[in-house]
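Scroll down for the structure; my scribbles are underneath it.
The values are calculated or read from the model by the stated rules, or taken from the named source; none is laboratory data. Everything numeric here is computed off the predicted structure, so don't read it as measured data. Reconstructed Cβ throughout: ideal geometry from the backbone, glycine too, with neighbour counts over all protein chains shown.
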Amino acid sequence: MVTDPSGAAIAGLAITATEKGTGFKRSATTDTSGSYRFSLLPPGDYQLQFVATGFKTALPPVVTIAVTEVSTLNVQMVIGEAVDTVEVTTSAQLVASRERGAGHGRG
């Protein structure tokens, strides 16, 4: 979830996920509740960038995505110009982990 300094959700905020090793990029936009989702990201280390008018660009720490994990990263934006950058000091939380046992085929 992405919020402003008061804790209110920010809708329409642009988020870009860039895989550090390959440069692969995928974009998303927050919905009316400030939520966002990147579905089926290939495994890797991703730098996320959060951009919205009236707020400084936020660059949280690199997030490592594995095949069996779902990560959640909540960000609180700082009011300012988008050309200013704020490095967010938080870490992604593992929400769920599912592993396939031996003998299970792809679904």
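Put simply, of Phe50, Phe24 the only residue that is out of contact with any His (no Cβ under 8 Å at 6 or more places or on another chain) and surrounded by 17 or more Cβ atoms within 10 Å (Cβ to Cβ) is Phe50. When region 32-46 is limited to residues that are at pLDDT 95 or above and exposed (fewer than 15 other Cβ atoms within 10 Å of the Cβ), the one that is farthest from Glu81 (Cα to Cα) turns out to be Asp45. Select from region 34-62 the residues that are in contact (Cβ under 8 Å) with a residue 40 or more places away in the chain and β-branched (Val, Ile, Thr) and list them in ascending order. Within region 34-62, Val62 is the sole residue that qualifies.
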